[in-house]
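Novice: I'd like to ask you about the structure that follows.
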Amino acid sequence: MKKSKLTFWLFVIPLLIPFLMVVIWPAINGIYYSLTDWNGIGKDATFIGLDNYVKVLTNDAGFFSAFRFTTIFAVVCIAIINVMGFCLALLVTQKLKGVTFMRGAFFVPNLIGGVLLGFIWQFIFVQGFEAIGKFTGIEGLSGWLSDTKTASIGLVIVVVWQLSGYMMLIYVAQLQNIPQSLIEAAQIDGASALRRLISITLPLMRPAFTIGIFLTLSHTFKLYDQNLTLTDGDPYGSTEMVALNIYNTAFDFDRFGEAQAKAVIFLIVVIIISSVQLYLGKRKEIEM
Amino acid sequence: MNKSKIVHIFLFVLGCLLALFYLSPMFILVNNSFKSLKEIYLNVLALPSKMNFINYTTALEKLNYGESFINSLCITVTSVILLILLSSMAAWVMVRFKTKASTMLFMFFTSALLIPFQCVMLPLVRFMDKLGLMNRPGIVFMYIGFGASMSLLLFHGFIKNIPEELDEAAAIDGANPFQIYYMIILPLLKPIAVTVAILNTMWIWNDFLLPSLMINKQGWQTLPLKTYSFFGQFSKRWDLATAGLIMVILPVIIFYLICQKHIVKSITDGAIK
């Protein structure tokens, strides 16, 4: 094939144009807007330097608490989702009857959109838990979403329900890659099931764990839909996460410039976390 | 032998219980979708006194189900087909042309995966408003932009393993680049195209924030949008809400039952990349 520059650009441009217009140009624009007093979608913006950043970083308790809540939430979720996902993967790779059904049951919540997940669980927490509470006499089960602590736990439950099946699939794929001969050799040497899990399976699962943690982190850190429809930040903004905080700053208070400054800070944090993780993940793989 | 059998049975029971536990929110939802509001408030866990489909017919109407479903379907299908075509074309030349520009461009596309949506959201609304793209064709255009990086990455990885000799043989026979792409390369991409299609479908079908910013108008709403406004309208009407939720979830469950194998493969393929 004659490799002309024209051919190259003819094939690339149909994808490049939407990409530049939808992602890159707004991203560049966004950095500029974060330095302005922009206060409404159609309105003009004048340059005001770093004022928005100063305001957000020194004088916005809501943003700080949203960031703190998001971080704690992400850490808790990453731990639970990946442990659950791995245990489910171990379970469904056993030679049992009905594993296809089990796999389906664990995975299906992942296909349901975030908005629906929030509404489904709103019903379960508000109506279902109340009924179970009445039935069993446990008082703590009523008013689940109106208490700061239980509302955050509720959000964790929803996300674990959604993502543990997703992680299960990833870990199942990796488990099936482990050569059976290794396991059998250890078995002949008299290693117990637990010993085999700790000494053979777990170390060989490392690359999959890196992927799993990365995926759960990016899902939970940027969570928006479930947050909106389950609690909408309530009670008293205690469950408001960063994405929701940015949205509300812009559309509830018309402070677009400030919202954009928050978004840029968010981007920087995401880039830092991702590079640290990529670096740590790579280093561990080399050690193996 | 005996001991392993006990373990076996124990694991089986554990698995079944867990699976039922995972499905229990759905059971509760289905169960209550047949009740009257009074019955729901009385006891969520009790079975409905009689099978009552009135909630479903009312919810169907209030959700404008047919219209929202068609909106969702058209937007998703068009975006996915265009994404597959455009990103596989770009990926093919990016693999075959080993120039500096080609490598740089590929890195440019993939590094954009890190940008959170919140970062482009506000300027995007302003920009698309100016261009008059806040409509259904406009949102397809936006999905192509947002889906480009991931789709390109998946196709790029796959095309790397297709031998270049195939292209060259076709070129010797006198085929031009478009013919080579369309007749030689595209048919070979079927497995990865299925993966790209499923991953993008799952995301676009369920997406809420982008359509809520761009096409939140009567008659244009997608299923997630309509569900959201439906809930705002009937916030305490759990009889309608449960039936509505079931109907919105149903297409997804059917999709899973039909494409189970492909979905499982796509998820693992997509994660490894």
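Every read-out reported here was derived from the displayed coordinates using simple, explicitly stated rules and does not represent laboratory data. This structure is a prediction, so every number in the text was calculated from the model and none was measured. Note that we place each Cβ from the backbone using ideal geometry, even for glycine, and neighbour counts take in every protein chain shown.
Novice: Out of residues 5 or more away from A:Thr36 or on other chains, whose amide H comes under 5 Å of its own, with H placed 1.01 Å from N in the peptide plane?
Specialist: Under 5 Å from the amide H of A:Thr36: A:Ile48.
Novice: Treating the beta-carbon of each Lys and Arg as +1 and of each Asp and Glu as -1, no other charges, what is the dipole magnitude of the protein assembly as shown about its Cα centre, to the nearest 20 debye?
Specialist: Values: 41 positive and 30 negative charges, 214 e Å.
Computed charge dipole of the protein assembly as shown: roughly 1020 debye.
Novice: Further, regarding this structure: Which of B:Asp129, B:Asp207, B:Asp173 moves most in a GNM of chain B, Cα contacts under 10 Å?
Specialist: B:Asp173
Novice: Still on this model: If you plug each phi of region A:11-21 into the Karplus form 6.51 cos²θ - 1.76 cosθ + 1.60 with θ = phi - 60°, what whole-Hz ³J(HN,Hα) values come out, in order, with x for Gly and Pro?
Specialist: After applying 6.51 cos²θ - 1.76 cosθ + 1.60, I find 7, 8, 4, x, 8, 5, 4, x, 4, 5, 6 Hz.
Novice: Based on C-alpha coordinates, I'd like the Rg and Dmax of region A:100-148, in Å.
Specialist: 13.8, 38
Novice: On to the next question. Note down the nm distance, to one decimal, between modelled labels 7 Å out along Cα→Cβ at A:Asp147 and at A:Ala193.
Specialist: Each label point lies 7 Å from its Cα, and together they span 3.7 nm.
Novice: Average partner chain C-beta neighbours within 10 Å, per residue of A:25-36? The partial results should precede the final answer.
Specialist: Details: counts 5, 12, 6, 2, 6, 8, 2, 1, 3, 3, 0, 0.
That works out to 4 on average.
Novice: Taking only DSSP H segments of four or more residues, each worth -39500 (n - 2.57), what value at 222 nm results for chain B once the sum is divided by all its residues, to the nearest 500 deg cm²/dmol?
Specialist: Values: 12 runs with 208 residues, N = 273.
Rounded to the nearest 500, the figure is -25500 deg cm²/dmol.
Novice: For chain A, with a Gaussian network of springs between Cα atoms less than 10 Å apart, report the residue from A:Met84, A:Met21, A:Met102 with the top mean-square fluctuation.
Specialist: Among A:Met84, A:Met21, A:Met102, the largest mean-square fluctuation in the Gaussian network model of chain A belongs to A:Met21.
Novice: If you don't mind, another one. List B:Tyr256, B:Tyr181 from most exposed to least, where exposure is judged by having the fewest other Cβ atoms within 10 Å.
Specialist: Going from least to most buried by this count: B:Tyr256, B:Tyr181.
Novice: Under the Kirkwood approximation for Rh and a Cα-based Rg, what ratio Rg/Rh is obtained for chain B? Don't jump to the answer; show the numbers that get you there.
Specialist: Values: Rg = 23.9 Å, Rh = 22.1 Å.
Here the Rg-to-Rh quotient is 1.08.
Novice: Next question, about the same structure. Most fluctuating residue of B:Phe12, B:Phe155, B:Phe34 in a GNM of chain B with Cα springs under 10 Å: which is it?
Specialist: Maximum among the listed residues: B:Phe12.
Novice: Let me ask something else about it. Over region B:63-233, what relative contact order in percent results from Cα pairs under 8 Å that are six or more residues apart? Mind dumping the intermediate values first?
Specialist: Working: 130 pairs, mean separation 73.6, N = 171.
Normalised by residue count, the contact order of region B:63-233 is 43 percent.
Novice: What ³J(HN,Hα) values, in whole Hz, does the Karplus curve 6.51 cos²θ - 1.76 cosθ + 1.60 give for region B:241-257 when θ = phi - 60°, with x put for Gly and Pro?
Specialist: Couplings: 4, 4, 5, x, 4, 4, 5, 6, 6, 3, x, 5, 5, 4, 4, 5, 5 Hz.
Novice: Another question, if that's okay. Which of A:Trp25, B:Trp205 has the fewest other C-beta atoms within 10 Å, and how do the rest follow up to the most? Before the final figure, lay out the partial values.
Specialist: Working: A:Trp25 16, B:Trp205 22.
Neighbour counts put them in this order, fewest first: A:Trp25, B:Trp205.
Novice: Cα-Cα pairs above 14 Å in region A:205-288: how many percent? If you can, show how the numbers build up before the last one.
Specialist: Details: 2440 of 3486 pairs.
Roughly 70 percent, rounded to a whole number.
Novice: Please give the charge dipole size of region B:63-233, origin at the Cα centre, charges +1 on K and R Cβ atoms and -1 on D and E Cβ atoms. Round to the nearest 20 debye. Mind dumping the intermediate values first?
Specialist: Working: 10 positive and 8 negative charges, 100 e Å.
The calculation lands at about 480 debye.
Novice: Based solely on its DSSP helices, what 222 nm [θ] is calculated for chain A when runs of n ≥ 4 H residues each add -39,500 (n - 2.57) and the sum is averaged over all residues, nearest 500 deg cm²/dmol?
Specialist: Details: 14 runs with 198 residues, N = 288.
For chain A, the value works out to -22000 deg cm²/dmol.
Novice: Separate question: Contact order normalised by length for chain A, with contacts defined as Cα pairs under 8 Å and 6 or more residues apart; what percent is it? All intermediate terms of the calculation are to be shown ahead of the outcome.
Specialist: Values: 294 pairs, mean separation 86.5, N = 288.
Across chain A, relative contact order equals 30 percent.
Novice: May I ask you to evaluate 6.51 cos²θ - 1.76 cosθ + 1.60, the Karplus curve with θ = phi - 60°, for each residue of region B:229-240 and list the ³J(HN,Hα) values in order in whole Hz, giving x for glycine and proline?
Specialist: 6, 4, 5, x, 6, 10, 4, 9, 8, 5, 5, 6
Novice: Let me ask something else about it. Divide, for region A:61-287, the radius of gyration over alpha carbons by 2.2 N^0.38 Å, where N is the residue count.
Specialist: Working: Rg = 20.5 Å, N = 227, 2.2 N^0.38 = 17.3 Å.
Cα-based Rg divided by the globular estimate yields 1.19.
Novice: Set Lys and Arg Cβ to +1 and Asp and Glu Cβ to -1, take the dipole of chain B about its Cα centre, and tell me which of B:Gln260, B:Ser24, B:Val196 lies farthest positive.
Specialist: The one lying farthest along the dipole's positive direction is B:Ser24.
Novice: Using C-alpha positions alone, give me the convex hull volume of region B:1-131 per residue in cubic angstrom. Before the final figure, lay out the partial values.
Specialist: Numbers: hull volume 40.3 nm³, N = 131.
Enclosed volume per residue, from the Cα hull, is 307 Å³.
Novice: Over the Cα atoms of the protein assembly as shown, what is the Rg over Rh ratio if Rh follows Kirkwood? Display every interim value, and only then the final one.
Specialist: Numbers: Rg = 25.1 Å, Rh = 25.7 Å.
Reported Rg/Rh, Kirkwood definition of Rh: 0.98.
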